[in-house]
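Participant: The structure's right below; bear with me while I get my questions together.
The values are calculated or read from the model by the stated rules, or taken from the named source; none is laboratory data. Not measured: the values here are computed from a predicted model. Virtual Cβ from ideal backbone geometry, glycine too; neighbours counted across all protein chains shown. Ligands, DNA and RNA are excluded from the accessible area calculation, which covers all protein heavy atoms including side chains. Shrake-Rupley method; radii C 1.70, N 1.55, O 1.52, S 1.80 Å.
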Amino acid sequence: MGNTDSKLNFRKAVIQLTTKTQPVEATDDAFWDQFWADTATTVQDVFALLPAAEIRAVREESPSNLATLCYKAVEKLVQGAESGCPTEKEKQIVLNCTRMLSRALPYIFEDQDWRGFFWSTIPGAGRAGMDDMEDEDEGARPLAESLLLAVADLLFCPDFTVQSHKKGRPDSVEDMQSLDSCEYIWEAGVGFAQSPPLNYIHDINRTELLRLLLTCFSEAMYLPPTSDNSILNPWVTFFCSTENRHALPLFTSLLNVVCAYDPVGYGIPYNHLLFSDYREQLVEQAMQILIVTLEHEGGQPYRPPSPSSMEDQDYVGPNNLFVNYLSRIHREEDYDFVLKGLARLLTNPLTQTYLPHSTKKIQFHQELLVLFWKLCDFNKKFLFFVLKSSDVLDILVPILYYLNDARADQSRVGLMHIGVFILLLLSGERNFGVRLNKPYSLHVPMDIPVFTGTHADLLIVVFHKIITSGHQRLQPLYDCLLTIVVNVSPYLKSLSMVAANKLLHLLEAFSTNWFLFSAPQNHHLVFFLLEAFNNIIQYQFDGNCNLVYAIIRKRNVFHQLANLPSDPTTIQKALQRKKKSPDAISRTSSLETVSMEGSRPAVPAEPGTLKTSLVAMPGIDKLTEKSQVSEDGTMIAVPLTESPQTPEHSAAAGTSDTESISGRDSEDVFYTEAEMARRRLSSSSSSAISHWNPKPDWVLSWKSKLPLQTIMRLLQVLVPQVEKICIDKGLTDESEILKFLQHGTLVGLLPVPHPILIRKYQANAGTAMWFRTYMWGVIYLRNVDPPIWYDTDVRLFEIQRM
């Protein structure tokens, strides 16, 4: 009964607040206490009993009352942080204020005039708990700072969010000011050995406070996308600065809670249906706080400054301690703990059991991928550790699973991008290519052809599936997918017949006249594939008889490319053909159609699914920089001027070198409204493609650079020999031909091997903005209970219904 009463009282207080036109004095405790002192409302109750329309009404009609409500709620949190919440009543007040602020903050952020409110000081509200003398000296803290410091203190509050170390007398309260929070880290792992006993009440309280913290950080959602990286999120900047004395233990607690989490628990089937897993909710919030606080902003000491920041080299930006700590993790056992934890969680949704729905499936794989990305980006030693052993394959397999599973679903286009970016980042390192040679023996049910081979075969088969049966909005990723294949190709010892056929099927599809002529950069895809074939033939000929055989079987594709017509009539015919069937590439897959046992086909999004828009990704030439692998295996950056392999800059006549007019720029889905408006003014809009009119000299400009010499020489030498064997022995059995090719050699017959060229991922303003919009979009859609940001005026992205 009490709960109904308290809901009623809370609702009465809300109605009073919205109907009072006169300002209520801050000293009127009897009025303000109704919101938090006498109630036992859940966060869901607060969201239900305080509707959006009423918060906006108070904001517009009696702004001073909204200001006082926020100020009083923060004041209560500060008092709780100082006293350590010894009584149940104080704990309840802190939780109620936390929920009130989580509800109100988005409506303050959505109104430009209110955004500075939390960063202003309130007259007479000094740093609470200090005497007036100090108040004079230091001046009052902005409300935002008081709020963030109180939340940080409360996250290490004994008997509220952490286990008390005080034994004996229940009345002995630990002094919050002198408490060393490094002794209260939430979970064993990086830098901390003891695992405190699980306490679900503490987990719930931590989750509520982290939710408020995430809401504070979400001001970023209410600003339109910009590529200006110097615009910092003031909430994150302050929270991750030296002002927060708990920065280190909190960073460690968040990371350890995530990486130590085992959703399957003790292996009891259906355990997740028997009891609520409060730890999972904590892990989700912890992960979201981590990916938001680990923002690129703040000077990265080890990253060379970009040309734009060259002018003011002295400025290194505020030092984000979370980024700082992450970049300084260095012990092998810490790397091992983090990598195994992330791999365990990423693999969880793939786990197969004989009892349907018997194991818990986590839903936060997108946040995990962003966290893994940030780890590799900020801590290069961690990246090298990942690639040092075949543990990297425990990350690769789940990523390929997600890519394959999401390929038909337009609401998951962001997931496709983050997965491909991680593989692009890894593929820039030689060790990744080497690790791919490990045989693939797992039986993760994927909707792909059955094959026997290595992890490299798995990667190629999945990429082929994405290109031939993914949705059209994935076209901007084709360049990235093939760049990954090129980067690993010099190290692939032995491709299976299935993978070899898939690569040739892609070449066949991409080298048709109508596809080559229908967009100004389609020919790049052919260059990438030829480069991959050349790398394998020159550097790994011995073990790759399957690929050589496939090339011989499809030799006509190479001859057609060498004799590609460039006369106006043929070009026009090809473009007419495109108008009739605008499908991007031939969907008839190569031979095999039997999919793996237990797999489900990739399906489009359910109608009504919400998705958030993304900003455009930079093109592959902006995403990567070329490096040449020298004799001793070291990388040398290739200067940008010449580009013999792929004519990145032979763009269409009439466009500048830097402004590509590829299909990627006509992807409306990747732009928010503001971005679209800006882009319509630039030359790279979709109209550029529709007015695309290829000329013979454009075709000749890149046709002459097609790297066909190595393959033509191989065909010239091997085709007559294979034909002779077939005639002499009357062979029709390919195993005999493969045996011959296996023992053949082309030493001395091929052109001099070209240097290996690797395209390494490089960070830039465009990718930083993409990550920010993607990450906040994921957080927006994943926080539905309560729906923190739903129906507020978010500006960073648009919410679209499928």
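Participant: If the reach is capped at under 18 angstrom between alpha carbons, list the lysines near K573, excluding any in the same chain fewer than eight residues apart.
Facilitator: The qualifying lysines are K695.
Participant: Right, next: Using the heavy atoms of the protein chains alone and a 1.4 angstrom probe, what is the accessible area of segment 472-583 per residue in square angstrom? The partial results should precede the final answer.
Facilitator: Working: 3490 Å² over 112 residues.
Averaged over the residues of segment 472-583, the accessible area is 31 Å².
Participant: Right, next: Ignoring ligands, DNA and RNA, what percent of the 1.4 Å accessible area of segment 76-115 is carbon and sulfur? Show your work: numbers first, answer last.
Facilitator: On the way: 590 of 1320 Å².
On segment 76-115, the fraction of accessible area on carbon and sulfur atoms equals 44 percent.
Participant: Quick query: amide H of T454 versus all other amide H atoms, modeled in the peptide plane; which residues come in under 5 Å with a sequence gap of 5 or more or a different chain?
Facilitator: For T454, the qualifying residues are Y440, S496.
Participant: Let me ask something additional. When averaged across all projection directions, what area in nm² does the alpha-carbon convex hull of segment 418-508 cover? Can you show the working numbers first?
Facilitator: On the way: hull surface 23.4 nm².
Averaging across all directions leaves 5.9 nm² for the Cα convex hull.
Participant: Accessible area per residue of segment 1-111 at 1.4 Å probe, in Å²? Working shown, then result.
Facilitator: Working: 4490 Å² over 111 residues.
Heavy-atom SASA per residue in segment 1-111 reads 40 Å².
Participant: Taking amide H positions as placed in the peptide plane 1.01 Å from N, state which residues far from T624 in sequence (5 or more) or on other chains have amide H under 5 Å from it.
Facilitator: Those lying under 5 Å, H to H, from T624 are Q762.
Participant: Follow-up. Rounded if a/c is under 1.5, else prolate if a/b beats b/c, else oblate: with a ≥ b ≥ c from the C-alpha gyration tensor eigenvalues square-rooted, which is segment 446-566? Could you put the intermediate results ahead of the total?
Facilitator: Working: a/c = 1.72, a/b = 1.20, b/c = 1.43.
Judged from the Cα gyration tensor, segment 446-566 comes out oblate (a/c at least 1.5, b/c at or above a/b).
Participant: Here is a follow-up. Specify whether the C-alpha gyration tensor of segment 206-252 places it in the rounded, prolate or oblate class, a ≥ b ≥ c being the square roots of the eigenvalues: rounded for a/c under 1.5, otherwise prolate if a/b is larger than b/c and oblate if not. Don't skip to the end; give the middle numbers.
Facilitator: On the way: a/c = 3.05, a/b = 1.49, b/c = 2.05.
Since a/c reaches 1.5 but b/c is at least a/b, the shape of segment 206-252 is classed as oblate.
Participant: Taking a 1.4 Å probe, which of D785, D567, D45 shows the most accessible area, and what order do the others take after it? Don't jump to the answer; show the numbers that get you there.
Facilitator: Values: D785 105, D567 60, D45 20 Å².
Most to least solvent-accessible, the answer reads D785, D567, D45.
Participant: What figure, in Å² to the nearest 10, do you get for the accessible area of M176 with a 1.4 Å probe and non-protein molecules left out?
Facilitator: Around 10 Å² of this residue is reachable by solvent.
Participant: Please give the length that would be gained between T609 and D785 if that part of the chain were fully extended, namely 0.36 nm times their separation in residues minus their C-alpha to C-alpha distance (nm, one decimal). Intermediate results must be reported in sequence, preceding the final value.
Facilitator: Details: separation 176, 0.36 × 176 = 63.36 nm, distance 1.64 nm.
Result for the pair: 61.7 nm of gain on full extension.
Participant: Give, as a single signed number, the net charge of other residues whose beta carbon lies under 10 Å from the beta carbon of I799, with Lys and Arg counted +1 and Asp and Glu -1. Write out the running numbers ahead of the final one.
Facilitator: Details: positive: K611, R801; negative: D791, E798.
So the environment of I799 carries a net charge of 0.
Participant: Which of K340/K465; K91/K360; K340/K374 have a Cα-Cα distance over 20 Å? Before the final figure, lay out each step's value.
Facilitator: Values: K340/K465 29 Å; K91/K360 32 Å; K340/K374 16 Å.
Where the Cα-Cα span goes over 20 Å, the pairs concerned are K340/K465; K91/K360.
Participant: Under a crude label model (7 Å from the Cα following the beta-carbon direction), how far is R713 from I231 in nanometres?
Facilitator: The answer from the label model is 5.4 nm.
Participant: Could you report segment 362-440's accessible area per residue, 1.4 Å probe, as an integer in Å²? It would help to have the intermediate numbers written out before the result.
Facilitator: Working: 1830 Å² over 79 residues.
Normalised by residue count, the accessible surface of segment 362-440 is 23 Å².
Participant: Could I ask something else about it? Note down the nm distance, to one decimal, between modelled labels 7 Å out along Cα→Cβ at I15 and at S390.
Facilitator: 6.9
Participant: Mind listing the long-range amide H neighbours of I756? Cut-off is under 5 Å, sequence gap 5 or more, other chains count too, H placed in the peptide plane at 1.01 Å from N.
Facilitator: Amide H neighbours of I756, under 5 Å, 5+ apart: V629.
Participant: Mind giving me the nanometre distance, one decimal, between the label points for D28 and S6, set 7 Å out from Cα along Cα→Cβ?
Facilitator: Computed distance between label sites D28 and S6 equals 2.4 nm.
Participant: How much length is gained on full extension from R331 to H559, taking 0.36 nm per residue of separation minus their Cα-Cα distance? Don't jump to the answer; show the numbers that get you there.
Facilitator: Numbers: separation 228, 0.36 × 228 = 82.08 nm, distance 5.45 nm.
Difference between extended and current length: 76.6 nm.
Participant: Leaving out ligands, DNA and RNA, what percent of the accessible area of segment 155-243 is carbon and sulfur, probe 1.4 Å? Intermediate values should be presented prior to the final figure.
Facilitator: On the way: 2080 of 3870 Å².
Carbon plus sulfur share of accessible area: 54 percent.
Participant: Carbon-plus-sulfur fraction of the accessible area of segment 367-520, 1.4 Å probe, in percent? Don't skip to the answer; put the middle values down first.
Facilitator: Details: 1830 of 3400 Å².
The computed percentage sits at 54.
Participant: Then there's this: Starting at the first residue of segment 363-370, write each ³J(HN,Hα) from the Karplus equation 6.51 cos²θ - 1.76 cosθ + 1.60 with θ = phi - 60°, in whole Hz, x for Gly and Pro.
Facilitator: 3J(HN,Hα) across segment 363-370, in whole Hz: 10, 9, 5, 5, 5, 4, 5, 5.
Participant: Rounded to two decimals, what ratio of Rg to Rh does segment 375-446 give with C-alpha atoms and a Kirkwood Rh?
Facilitator: Values: Rg = 13.0 Å, Rh = 13.1 Å.
Value, to two decimals: 0.99.
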